[in-house]
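S.K.: Please find one structure pasted underneath; my questions will follow.
The values are calculated or read from the model by the stated rules, or taken from the named source; none is laboratory data. Note that the structure is a prediction, hence the values are computed from the model and not measured. Using ideal geometry, Cβ is built from the backbone for each residue, glycine included, and neighbour counts are taken over all protein chains shown. All accessible areas refer to the heavy atoms of the entire protein, side chains included, with ligands and DNA or RNA removed. Shrake-Rupley method; radii C 1.70, N 1.55, O 1.52, S 1.80 Å.
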Amino acid sequence: MFHQVWAALLYLFGILLNSIYQCPEYSQLTTQGVDGKEFPEPHLGRWYFIAGAAPTKEELVTFDPVDNIVFSMATGSAPMQLQLRATIRMKNGHCVPRKWIYHLTEGSTDLRTEGRPDMRTMLFSSSCPGGIMLKESGHGYQRFLLYRLGASPHQGSTCVEEFQSLTSCLDFKAFLRTPRNQEACELSSN
């Protein structure tokens, strides 16, 4: 009898704590984007990778050798496509070009990566000016990534701290911030 009462009290205490300490709000971007412009128009242009978070370090290991990444997002050659180009500056100084094609989902900001049917990318708003969060998930991994749109890769420390606080609250305990110790590589036009 004592154990049942104790279990019930612990359960109620857990509900109370959960209602008091909820994670901060974040919202998925809608197809009606910034200033009433249709997605993806407000998000086209140059992006800088700032930070990542995942439940485990293994889900971020791909970013360990990276110093910085610059992306360019443009409309694709077909409707409902986005062309993403990137140059990755490795810590050893080498520049590695990459390309992806994202397929838009009708009425949503969910993205599907061409050639990777298991991968899903969802876009979320960020409280940081020019910031956007992506949640990538696929076979055996999930991670949140913070990006900054615009001419400068520098994101205020408050923005990065808010991102880390949000993702930690969501139980994404592993965290990585790109060092950006080297000059960014030039984006190729191909």
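Here's the yes/no breakdown for (1) within 17 Å of the chain's Cα centre (by Cα); (2) open to solvent by 20 Å² or more (accessible area, probe 1.4 Å); (3) under 28 Å from Glu162 (Cβ atoms):
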position	(1), (2), (3)
Val70	yes, no, yes
Trp100	yes, yes, yes
Thr105	no, yes, yes
Gly115	no, yes, no
Leu123	yes, no, yes
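S.K.: List pairs: first residue in the stretch 43-54 and among the charged types (D, E, K, R), second residue open to solvent by less than 10 Å² (accessible area, probe 1.4 Å) anywhere in the structure, Cβ distance under 9 angstrom, at least six positions apart or on different chains.
M.R.: Arg46/Val70
S.K.: Take the residues in the stretch 132-141 that are assigned to a strand (DSSP E or B) and either more than 10 Å from the chain's Cα centre (by Cα) or of a type in the set (A, V, I, L, M, F, W, C) (or both); name whichever of them is nearest to Ala174 (Cα to Cα).
M.R.: Tyr141
S.K.: What are the pairs, 6+ residues apart or on separate chains, where a residue within the stretch 82-97 that is assigned to a loop (DSSP other than H, G, I, E, B) has its Cβ under 6 Å from a residue that is surrounded by fewer than 17 Cβ atoms within 10 Å (Cβ to Cβ)?
M.R.: Sorted first by the residue in the stretch 82-97, then by its partner, the pairs are Lys91/Pro65.
S.K.: So which of Asp67, Asp35 is at pLDDT 95 or above and either outside any loop (DSSP other than H, G, I, E, B) or among the hydroxyl-bearing types (Ser, Thr, Tyr) (or both)?
M.R.: Asp67
S.K.: Go through Leu111, Leu84, Leu104 for me and flag whichever is touching a His at 6+ places or on another chain (Cβ under 9 Å) and under 21 Å from Gly45 (Cβ atoms). Let's see the steps before the verdict.
M.R.: Values: Leu84 fails: touching a His at 6+ places or on another chain (Cβ under 9 Å); Leu104 fails: touching a His at 6+ places or on another chain (Cβ under 9 Å).
So the residue among Leu111, Leu84, Leu104 that is touching a His at 6+ places or on another chain (Cβ under 9 Å) and under 21 Å from Gly45 (Cβ atoms) is Leu111.
S.K.: Also: Name the residue, out of Glu136, Glu161, that is acidic (Asp, Glu) and either exposed (fewer than 15 other Cβ atoms within 10 Å of the Cβ) or more than 28 Å from Glu106 (Cα to Cα) (or both).
M.R.: The unique qualifying residue is Glu161.
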